[in-house]
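The values are calculated or read from the model by the stated rules, or taken from the named source; none is laboratory data. Keep in mind that what you see is a predicted model, and the values were worked out from it rather than measured. With ideal geometry, Cβ positions are generated from the backbone for all residues, glycine too; neighbour counts draw on all protein chains shown. To get the accessible areas, we keep the full protein, side chains included, count just its heavy atoms, and leave off ligands, DNA and RNA. Shrake-Rupley method; radii C 1.70, N 1.55, O 1.52, S 1.80 Å.
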Amino acid sequence: MGASAGMLSVGGLTHQIERLSTGARQIVALVGPPGAGKSTMAEAIVDGLNAGSPGRAAVLAMDGYHFDDAVLRTRGRLARKGAPDTFDVGGLAAMLLRLRQNTEDEIAVPVFDRGIEVSRAGAAFIPQTAQVVLVEGNYLLLDQAPWRGLAGLFDHSAIIRVSEAELRRRLRARWQHHGLSEDAIVAKLEENDLPNARFVYANSRAADSQVDGALPLTA
């Protein structure tokens, strides 16, 4: 089955990004709610770009800029971890500027470790040779301060479209995999994940491209 009208497959987005190449580094935002498959899709796109030219593309995940649980607990926001105000937006913006300048041999970036719910500093590297940096996250196109300040830092943007029923199914499976009780899963879904998903779709600026998140990655 092909992509829905007006939406790209993952392969279609990969080809679109390939055509962006100008010689200068391109920074692409890949946006979607929790459960949209952003991380998996970003890795698939980067693998596709690197297949013919190793090292051409790399991923930066917005989740690396989560505030630590201790900070969120102090601020009374731990239960809403993943909401827009639980991220270091200024730190992310500074990193995007640094990546755009691309004057260093390599740049260390943080990575969120879902197994321990902690961001690990300097856990991955983006080399100077990477012509495309694919930034994936929920709020990269959010039309609210301070997130809207990121708007000028992306050369292209894409949003993943997935139905709420499918998001619910995927997120339930995620939390079951992590061993949460049924009550804890319901709380995660209804009080955090699905409200965040609705918020992303309702408050993001229009993206340059839309991706059908229901399609297999090989589509």
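Averaged over its residues, the chain has an accessible area of 47 Å² per residue, based on protein heavy atoms and a 1.4 Å probe. Under the convention that each Lys and Arg Cβ holds +1 and each Asp and Glu Cβ holds -1, the size of the dipole of region 1-98 around its Cα centre is about 200 debye.
Around the Cα centre of the chain, unit charges on the Cβ atoms of Lys, Arg, Asp and Glu (plus for the first two, minus for the last two) sum to a dipole of about 260 debye. As a fraction of the 1.4 Å probe accessible area of the chain, surface on carbon and sulfur atoms comes out at 52 percent. Share of pairwise Cα-Cα distances greater than 25 Å in region 100-219 is 40 percent (whole percent). Taking label points 7 Å from Cα along the Cα-to-Cβ direction, ALA79 and ALA187 give a separation of 0.8 nm. Between ALA206 and GLU166, the modelled label-to-label distance comes to 2.3 nm, taking each label 7 Å out from Cα in the direction of the beta carbon. For the chain, the relative contact order is 36 percent, taking Cα pairs closer than 8 Å that sit 6 or more residues apart in sequence and dividing their mean separation by the residue count.
Shown here for region 85-117: trypsin sites (Lys or Arg not before Pro) in loop regions (DSSP other than H, G, I, E, B) with at most 16 other Cβ atoms within 10 Å, namely ARG114. Considering only C-alpha atoms, what is the centroid distance from region 23-76 to region 161-209, in Å? Each part's Cα centre sits 18 Å from the other's. The longest part of the chain holding none of the exposed loop GluC sites (Glu not before Pro), meaning those outside H, G, I, E and B in DSSP with at most 14 other Cβ atoms within 10 Å, is 1-103. Whole-percent P(r), the chain, all Cα pairs, 5 Å bins from 0: 1, 7, 15, 19, 21, 17, 12, 6, 2, 0, 0. The solvent-accessible area of MET7, taken with every protein chain present and a 1.4 Å probe, is close to 40 Å².
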